[in-house]
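Chemist: Structure provided below as structure tokens; questions to follow.
Only the coordinates and a few stated rules stand behind these numbers; no lab work does. Quantities reported herein were computed from a predicted structural model and do not represent experimental measurements. Positions of Cβ are generated from backbone atoms using ideal geometry, with glycine treated the same way; all protein chains shown enter the neighbour counts.
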Amino acid sequence: MGGDHSITLGNLRAFHKKFGKIALVHFDSHGVTWDQYYGEKYMHGTPFRRAAEEGLLDMDHSIQVGMRGPLYGPGDIQDARDLGFEVIPMKEVRQVGFENVMKRIHDRVKDRPVFVTYDIDFIDPAYAPGTGTPEVGGPSSYEALEFVRALDGLNVVDFDLVEVLPAYDANEITAVLASSVIYEMITLIALKKRRQQENR
């Protein structure tokens, strides 16, 4: 649990030692693939560019979902695609529908070991106001949980949830939702382990 998105780079380095290149499913309103952020190479806006450069990610099986809002630069989405990510901006999510988005995630990741990273600002700030970089136009709390539940069947090896900022969290709305997302993530891993035991 974050903290900001800079924690994910360390997680990916650790999992690379065990699994080699790992697929990434990234729910966020921002691509987090900038080359630098306020002159810094290692900040919460840069970890997935660094991860790609370090060869940590299986780029052919990695995907980003939910990007929207006033981005840092006009080329951000294309920059992520140039790195090798499949990118589904939020507008496209709404256009093609939930089921098609989830099919694209499953088709992209296939059976690869996958790390799921979930930025709370993926969710609309009406449901998750407690974050430092809110972007309107995101999913509801119900939809936010459904995106996680529909990852069932992927080879999820670990996950993180980042960018909750308690100082901005009126009535702990965001914390409650974040804990529910984490619960659903834990459930995914528990279900996978149960199936593995049943198939022995």
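Chemist: Any idea how many residues of segment 162-200 are touching a helix residue (DSSP H, G or I) at 6+ places or on another chain (Cβ under 9 Å), exposed (fewer than 11 other Cβ atoms within 10 Å of the Cβ) and assigned to a loop (DSSP other than H, G, I, E, B)?
Modeler: 0
Chemist: Working only within segment 36-88, note down all residues that are in a helix (DSSP H, G or I) and free of Cβ contacts under 8 Å to residues at least 12 places away in the same chain.
Modeler: Those that are in a helix (DSSP H, G or I) and free of Cβ contacts under 8 Å to residues at least 12 places away in the same chain: GLU53, GLN78, ARG81, ASP82.
Chemist: For segment 69-80, state whether one or more residues are touching an Asp or Glu at 6+ places or on another chain (Cβ under 7 Å) and polar (S, T, N, Q).
Modeler: Checking segment 69-80: not a single residue is touching an Asp or Glu at 6+ places or on another chain (Cβ under 7 Å) and polar (S, T, N, Q).
Chemist: Follow-up. Please verify whether SER140 is over 11 Å from VAL25 (Cβ atoms), hydroxyl-bearing (Ser, Thr, Tyr) and touching an Asp or Glu at 6+ places or on another chain (Cβ under 7 Å), treating the condition exactly as stated.
Modeler: The answer is yes for SER140.
Chemist: Also, quick follow-up: Being more than 19 Å from PHE122 (Cβ to Cβ) and among the β-branched types (Val, Ile, Thr) is the filter here, so list the residues in segment 166-200 that pass it.
Modeler: Matches in segment 166-200: ILE189 only.
Chemist: Let me ask something else. Taking segment 7-21 as the region of interest, how many residues are of a type in the set (Val, Ile, Thr) and buried (at least 19 other Cβ atoms within 10 Å of the Cβ)?
Modeler: Residues in segment 7-21 being of a type in the set (Val, Ile, Thr) and buried (at least 19 other Cβ atoms within 10 Å of the Cβ): 1 in total.
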